[in-house]
Amino acid sequence: MKKLLILLFSFFLLSSPSVFADDISDFQIEGMSIGDSLLDYMTEDEILKEIELNKDFYSFLKEPYKYAEVYLLIESENYDYLAIIIKNNSSNTYVTNKNEKYLILSVRGDKQYINDFDSCIQQRDEIVEILSPMFINADKYQSIHSHSSDPSGNSDVDMVFFDFDEGHRAKVYCSNFEESFRVSKNWSEGLLVVINTNEIVNWMEGN
């Protein structure tokens, strides 16, 4: 079933209730899925440049440099860019197979909804409605909370999770930052659609 499910905003492609995705690698964002080689989408030089640029993005984690995040700008109506997580090359030098070295462990699609949280939530809910029957065996739940990066408590995140038995996770959510805080950080806000392997879930949760 690999590469069967392509998550687009034109959801008629996924409207069949008979389609299921119990294997997280069946779930795609812009044709990219868990287990692909990032070399299918970027050159090695481009990947290494991105790793260096983004090397401190997860400095707050217990093992901040165990994995690396790479950004890929795309021409798409669905997302503004993709974010991909792979193992950090500095700890992966013993791997001689380049495809294995740049194995995709997480994919995230980002779409900006600046000062338009209601539209973001509407789009999020449409995605969740499509995914729910496909991820029928996943544990689905919602979490609404203040964003941890904003000490004022005035920035919100509204998330829907799909947790799989193996520990993998898909999530669809909207961020809504307090405007002066967002501007001061030069951040965007809006819709995020994420696929994480259990390896990345554990890393981000400090396990």
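Bear in mind these aren't lab numbers, they're just calculated from the coordinates by the rules spelled out. Since we're looking at a predicted model, the values are computed, not measured. Reconstructed Cβ throughout: ideal geometry from the backbone, glycine too, with neighbour counts over all protein chains shown.
Values for this structure:
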| item | result |
| --- | --- |
| Segment 57-180 shape via C-alpha gyration tensor axes, a/c threshold 1.5 | prolate |
| Whether segment 133-203 is rounded, prolate or oblate, judged on the alpha carbon gyration tensor where a/c under 1.5 counts as rounded | prolate |
| Too-long pairs where the Cα-Cα distance tops 23 Å, listed order kept, from Lys49/Lys87; Lys62/Lys111; Lys140/Lys185; Lys87/Lys171; Lys87/Lys185 | Lys62/Lys111; Lys140/Lys185; Lys87/Lys185 |
| Sequence of Val193, Val160 once ranked by neighbouring C-beta atoms within 10 Å, starting from the fewest | Val160, Val193 |
| Packing-based exposure ordering (other Cβ within 10 Å, fewest first) of Met204, Met134 | Met204, Met134 |
| Ranked Ser59, Ser76, criterion: other C-beta atoms within 10 Å, fewest first | Ser59, Ser76 |
| Per-peptide average of other Cβ atoms within 10 Å, ordering 151-159, 33-41, 171-179 highest first | 171-179, 33-41, 151-159 |
| Projected label distance in nm at Leu53 and Ser146, using a 7 Å step from Cα toward the beta-carbon | 3.3 |
